[in-house]
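The values are calculated or read from the model by the stated rules, or taken from the named source; none is laboratory data. Keep in mind the model is a prediction, meaning the values are calculated, not measured. Positions of Cβ are generated from backbone atoms using ideal geometry, with glycine treated the same way; all protein chains shown enter the neighbour counts. SASA here: full protein model, heavy atoms, side chains in, ligands and nucleic acids out. Shrake-Rupley method; radii C 1.70, N 1.55, O 1.52, S 1.80 Å.
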Amino acid sequence: MELTIEQQQAIQGGQAVRIDVSGAECIIVRKDVYDRASQPDYEPWSAIEMDLLAAEAIDLLKDDGFDELDDA
């Protein structure tokens, strides 16, 4: 596959390049750029973060009346 000088420079600069392969539009990108983009941004919360969220939820629910027994 032959790329133009502009396409080669774009890839070297970390940019994606659109090409047509037998009528199918494709994107060429450097492997390190692809690897970075395919890494999930979400990581499970740690136990400390979960404890902090639980404490925050308790504070938000405090004095809402739901923690008291219903006299009815």
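Here are the numbers for this structure:
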quantity	calculated
Exposed trypsin sites (Lys or Arg not before Pro) absent - longest run of the chain, DSSP non-H/G/I/E/B, at most 16 other C-beta within 10 Å	31-61
Cα-based helix-to-principal-axis angle, 47-61 vs the chain, degrees rounded to 10	50
Cα-centred dipole magnitude for the chain, charges only on beta-carbon of K, R (+1) and D, E (-1), debye, nearest 20	1100
Estimated 222 nm signal from helices in the chain, with DSSP H stretches of n ≥ 4 weighted -39500 (n - 2.57), rounded to 500	-13000 deg cm²/dmol
Carbon/sulfur fraction of accessible area - the chain, other protein chains in place, 1.4 Å, %	55
